[in-house]
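Contents: one structure, followed by commentary.
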Amino acid sequence: MIPPAWLWVPIVLWASLAQTARNAAQRSLVAQAGTLGATLARFLYGIPFAAVWVVLLHAWPGSTAPLPQFHPAYFAWLILGAFGQLAATAFLLAAMKQRNFVIGVAYSKTDALQVALFGSLFLRELPGGPTLVAIGLATAGVVLLSLPQKRVALQGRAWTSAAAWYGLASGAGFALSAVGYRGAALQLPESSAWMSGAWGVLLAQGIQTVLLGGWLAWRAPAALRATVSAWRISTVAGAAGALASIGWFTAFALTTAANVRTLGMVEVVFSYLVSRRLLRERLAATEQGGLALVVVGLLALGLQL
């Protein structure tokens, strides 16, 4: 029996596993619809699955859960999370367009550290010293994994280039997204974590679909048509994305955003297993060191539970 205080741990592990599956599905979709089109598919095709989850929770035998008492503060936090997620994607794309894009990608992986900062500022949830050490180790590992296998010039002004700033902005967007979703969950103290997470996913994905779908309809209608044409793989990506988001949102209702995002780095380990077992890819020495740091960071976090 899992202690209630630890319930968020298996939920985050499930969300990370589902997100790994979603990333695998999106990888093939990006070639057809582009990055923004694949991102839209994640939200658009995930809505029916999120809606089914909401209905199931309300219809569950013996469930007397009323409709959550939504109010302006709740939607303010939720919109912050939705906008943060979209902005993070946009900044990451901008970083990838730069010559030193790999630096931008590496800097975007600092979102766990930025979650700890923003969570302390906006939610008054200050991680303890051991948790910060765990976050630092895991983040350093993910950054190492983000660096290229081949030797390239990564010194000098590359670390202060436009790509680096875009990468930091992307990490900040993801961090604000996590803080926004955590803040939204805290606005519904009368609702269970399951109900809060279910409604959060449904509403957030609706907001993101309208915003990103409207942008693509205006600026890139071909990408929008591609997501419709590739409806089979889009449905798979949407289903996996909805399952992952349900896990993330439920976990945010149970514990701090810093805990969720740090343990969520286990996705890197899952991705490694996929690449080794399915794609037969080999990791360079630097990547092996990065993966080891991630594992040590996650173990350090686990020892505090």
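FYI, it's all coordinate maths here, none of it is from the lab. Since this is a predicted model, take the numbers as computed values, not measurements. Every residue, glycine among them, receives a Cβ derived from its backbone with ideal geometry; neighbour counts consider all protein chains shown.
Cβ-to-Cβ counts within 10 Å put L67, L36 in ascending order as L67, L36, the fewest first. Among residues other than A253 with Cβ under 14 Å from its Cβ, the summed charge is -1 (Lys and Arg +1, Asp and Glu -1).
At an R0 of 35 angstrom, the distance between the Cβ atoms of V296 and A162 translates into a FRET efficiency of 0.60. Where the centre of each part is set by its Cα atoms, how far does the range 34-87 sit from the range 206-271, in angstrom? The distance from the Cα centre of the range 34-87 to that of the range 206-271 comes to 11 Å.
Specify the longest stretch of the chain that does not include any exposed loop site, a site being one of the GluC sites (Glu not before Pro) with a non-H, G, I, E, B DSSP assignment and at most 12 other Cβ atoms within 10 Å. The segment 1-189 is the longest one with no such site.
Taking the Cα centre of the range 4-302 as origin and assigning +1 to Lys and Arg Cβ atoms and -1 to Asp and Glu Cβ atoms, the resulting dipole is close to 1000 debye.
Other residues lying with their Cβ under 12 Å from the Cβ of G34 contribute a combined charge of +2, Lys and Arg counting +1, Asp and Glu -1.
Per-residue ellipticity at 222 nm from helix content only, as computed over the chain with -39500 (n - 2.57) for each DSSP H run of at least four residues, stands at -26000 deg cm²/dmol.
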